[in-house]
C-alpha cells in the first residue's frame, strides 16, 4: 500500500510503498483510510519531540504518522461481531486492552496495555491502518469519513476539556478560549452547544477570529506581541478575570496569558503543549485558589457523544483536504500557521 513516511526529522514526508497490515488477533480490524487528520502532534513528531519515547518502545524511522483516522472496514478478525466489511467508521486513537483497571473504569486513554497507531504503531497516513474492535465507532446517517476524521483526536481532546469545564462554565460565567485553530474551533462549538457561559476567544490569526464568531464566540480578541490583549480580555470580564480558561495552544505565551486571565477560584484547563508553565505559587495559585487541570484525549464514550453532536450539526469541522501525495502541503500549512481549522489527508475515495 502507499504511505506517507517520516524518514528524517524536519524533512518532508516521503511517499512510498509499505506492506499492507494483516489480521493477527481475533479482535483486529483493518480500515481502508478515507480521511486522516493532520494534527499538531504530527508536527511535534516531525520535529523529533517523540524520538526518545519511540526509541524506548523499539520504534525507529521510517514511520507512518496519523492518529485521527476514519474510513471503511476492510477486514475483521473472527471475534469482531458489531461491525462488518464496508461499514463507515471513526477510530478512537487508542486500541485498548479492555481488561486493565483503567479500561474497566471507562478511562480508555489510561489503558496500561493500549496501542496508539500513529505514535507507537503505523498510523493513518496510508491507504490502510490496523486497530482493534474496541476503537471503532460506527458512523450513522450522512456522516462521512472526511466529515469526522479530526474528531478522533483533536475533536475528542477539545471536547473532553469542555466536558470537564461545564461545572464551572455556568450561566453568567466567562470562559476564555485560547486558540481558534484545529482544536479550538471544535471546542468553541462544543462549549456553545453545551453551556450558556460567555465565550471570549483569543487568537493571533484575525481570519480565524472571524470564523470564531460563527462558531459561537461572544467576543473575539486578537493576540498581540505586546500582550495588550490581556488587558482587553480583563476589561471584558469587568476586571475580575474569567471563571474558566481553556488553553488549546499551550505555547508561544498563551500559557502565561491563561494564568493572568483567571479570576479568583478560576480553573485553567491545559490542552495544548510545548511550553513550560511557570506560576508564582503564592500570588498566582494559593491566594486566588487557582486550579490547573491537564487534559488528554477523551474516552470512547466521549467520542460517541461528540459524533452524536456532529450528526446533529451542532459541531461541524472546518477542513482543507489534501490527497496523500499532498502531505507536505498540509505539513507546511499547519507548521506555518496558515491552516484554518483542520487539514485532512484523503488516501482513498469511497
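The angle between the Cα long axis of helix 184-194 and the longest principal axis of the Cα atoms of the chain comes to about 70 degrees, rounded to the nearest 10. Relative to the longest principal axis of the Cα atoms of the chain, the long axis of helix 300-312 makes an angle of roughly 80 degrees. Tell me the angle of helix 206-215 to the major Cα principal axis of the chain, expressed in degrees between 0 and 90 and rounded to the nearest ten. Once rounded, the angle reads 80 degrees. Using a Gaussian network model of the chain with C-alpha springs under 10 Å, which one of 336, 68, 198 is most mobile by mean-square fluctuation? Its mean-square fluctuation being the largest, the pick is 336.
Each of 110, 211 was scored by other Cβ atoms within 10 Å of its Cβ. Arranged with the fewest first, they read 110, 211. Once the Cβ-Cβ distance of residue 15 and residue 285 is raised to the sixth power relative to R0 = 41 Å, the FRET efficiency obtained is 0.25. Cβ crowding within 10 Å ranks 46, 215, 72 as 72, 46, 215, fewest other Cβ atoms first.
For residue 107 and residue 304, the FRET efficiency from 1/(1 + (r/R0)^6), where r spans their Cβ atoms and R0 equals 22 Å, is about 0.90.
Multiplying each eigenvalue of the alpha-carbon gyration tensor of segment 1-151 by 5 and taking the square root yields semi-axes of 24, 19, 14 Å, largest first, rounded to whole angstroms. Counting beta carbons within 10 Å around each of 151, 6 and listing the fewest first gives the order 6, 151.
Largest first and in whole Å, the equivalent-ellipsoid semi-axes of segment 1-74 read 23, 15, 13, each the square root of five times a Cα gyration tensor eigenvalue. Kirkwood hydrodynamic radius computed over segment 156-294 comes to 14.4 Å, based on all pairs of distinct alpha carbons. Its relative contact order, with pairs defined as Cα atoms under 8 Å and 6+ residues apart, puts the chain at 19 percent.
Rounded to two decimals, the Cα-based Rg/Rh of segment 176-234, with Kirkwood Rh, is 0.95. With a simple spin-label model that places each label point 7 Å from the Cα along the Cα-to-Cβ direction, the separation between residue 226 and residue 100 comes to 5.0 nm. Which of 197, 131, 276 moves most in a GNM of the chain, Cα contacts under 10 Å? Highest fluctuation among the options: 276. For the pair residue 61 and residue 1, what calculated FRET efficiency results from E = 1/(1 + (r/R0)^6), where r is the Cβ-Cβ distance and R0 = 22 Å, to the nearest 0.05? For residue 1 and residue 61, the calculated efficiency is 0.75.
Got the relative contact order for segment 156-294 handy, in percent, Cα pairs under 8 Å and 6 or more residues apart? Relative contact order, segment 156-294: 22 percent. Here the Kirkwood formula, the inverse mean of 1/r across different C-alpha pairs, assigns the chain a hydrodynamic radius of 20.5 Å.
Rule-based calculations on the coordinates, nothing more; no lab input. Keep in mind that this is a model prediction, so the values were computed, not measured. Using ideal geometry, Cβ is built from the backbone for each residue, glycine included, and neighbour counts are taken over all protein chains shown.
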